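Participant: Just dropping this structure here.
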Ligand SMILES: C[S@@+](CC[C@H](N)C(=O)[O-])C[C@H]1O[C@@H](n2cnc3c(N)ncnc32)[C@H](O)[C@@H]1O
């Protein structure tokens, strides 16, 4: 599913920022590159204001993980949802008009005011949130206290700096560690190194493996709970 502004080439950056979560909410689905590549959460909810987007996803239902599709505005959903605190919300709205190089690309687009309203809602959510976009003073003003990370992303015409805003400490334990690395080479090296490690553990006899597991548990007791900090 190719989509204007889609995250088909950059989804790894978003996934590499995701702490463990029980409920995943993607509010501006489009082609849903992040949703399609991440490890599914116990519950996944995807929203888009464009009925055609929802229809396309419904039509390709056989290839979907279990996803609850919602046709509607992200703002309405976020304002009404009964949050528990263990959700992760990923938000990839249409670009701010000041940072956009093309005129309109979506049937449902955002004006300045829409961005203000959305950011106001996001700033008040009682769970973890990641927002994608291009740097803009409005974002700095309304998301003060949030962290950011940036990376270079190829568009169909050039390379631009994309930013992720997020309201939590960068996690040490990832929801889905399979995409670790900043670029293709990095990810390949990480994957191969990890596979070699796994092979060595598989090759151990059961007693050695148990001794190794005991040692790992003693030497790194908090390794699996590194991201278990309370939600904001
Ligand atoms: C930047 S695209 C998302 C691209 C997506 N991340 C991908 O990987 O393909 C923005 C999407 O937001 C949708 N949209 C526009 N206004 C919306 C609103 N108020 N609520 C929910 N979705 C909206 C558009 O229909 C479009 O599909």
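Participant: Those residues that are surrounded by 17 or more Cβ atoms within 10 Å (Cβ to Cβ) and out of contact with any strand residue (DSSP E or B) (no Cβ under 7 Å at 6 or more places or on another chain), I need them from the stretch 126-159; list them, please.
Facilitator: 136, 142
Participant: Could we say that residue 90 is modelled with pLDDT under 95, under 29 Å from residue 183 (Cβ atoms), within 14 Å of the ligand (Cβ to nearest atom) and touching a helix residue (DSSP H, G or I) at 6+ places or on another chain (Cβ under 8 Å) here? Steps first, answer last, please.
Facilitator: Values: modelled with pLDDT under 95: no; under 29 Å from residue 183 (Cβ atoms): yes; within 14 Å of the ligand (Cβ to nearest atom): yes; touching a helix residue (DSSP H, G or I) at 6+ places or on another chain (Cβ under 8 Å): yes.
So residue 90 does not fit the description; no.
Participant: Taking the stretch 22-36 as the search range and keeping residues that are in a loop (DSSP other than H, G, I, E, B) and within 12 Å of the chain's Cα centre (by Cα), which one is nearest to the ligand (Cβ to nearest atom)?
Facilitator: My answer is 28.
Participant: Continuing with the same structure: Count, please, the residues in the stretch 117-141 that happen to be assigned to a helix (DSSP H, G or I), touching a helix residue (DSSP H, G or I) at 6+ places or on another chain (Cβ under 7 Å) and within 20 Å of residue 77 (Cα to Cα).
Facilitator: 6
Participant: Hey, can you tell me all the residues within the stretch 37-71 that are within 8 Å of the ligand (Cβ to nearest atom) and out of contact with any strand residue (DSSP E or B) (no Cβ under 6 Å at 6 or more places or on another chain)? Give the derivation first.
Facilitator: Going through the stretch 37-71, the residues within 8 Å of the ligand (Cβ to nearest atom) turn out to be 47-50, 53.
Of everything in the stretch 37-71, those that are within 8 Å of the ligand (Cβ to nearest atom) and out of contact with any strand residue (DSSP E or B) (no Cβ under 6 Å at 6 or more places or on another chain) turn out to be 48, 49, 50, 53.
Participant: Output the residues belonging to the stretch 37-53 that are assigned to a helix (DSSP H, G or I) and buried (at least 24 other Cβ atoms within 10 Å of the Cβ).
Facilitator: Within the stretch 37-53, the subset assigned to a helix (DSSP H, G or I) is 37, 51-53.
Passing the criteria: only 53.
Participant: Could you check how many residues of the stretch 10-21 are part of a loop (DSSP other than H, G, I, E, B) and near the ligand (Cβ under 10 Å from one of its atoms)?
Facilitator: Restricting attention to the stretch 10-21, the residues satisfying the condition of being part of a loop (DSSP other than H, G, I, E, B) are 10, 16-21.
Okay, now just the ones that are also near the ligand (Cβ under 10 Å from one of its atoms), so 10.
Here the count works out to 1.
Participant: So, of the residues in the stretch 98-123 that are at pLDDT below 75 and under 26 Å from residue 159 (Cβ atoms), which turns out to be nearest to the ligand (Cβ to nearest atom)?
Facilitator: Filtering first and then ranking leaves 106.
Participant: Out of 162, 169, report the one residue that is within 19 Å of residue 16 (Cβ to Cβ) and surrounded by fewer than 15 Cβ atoms within 10 Å (Cβ to Cβ).
Facilitator: 169
The values are calculated or read from the model by the stated rules, or taken from the named source; none is laboratory data. The model shown is predicted, which means the values in this text are computed figures rather than measured ones. Glycine also receives a Cβ, built like all others from the backbone with ideal geometry; neighbour counts cover every protein chain displayed.
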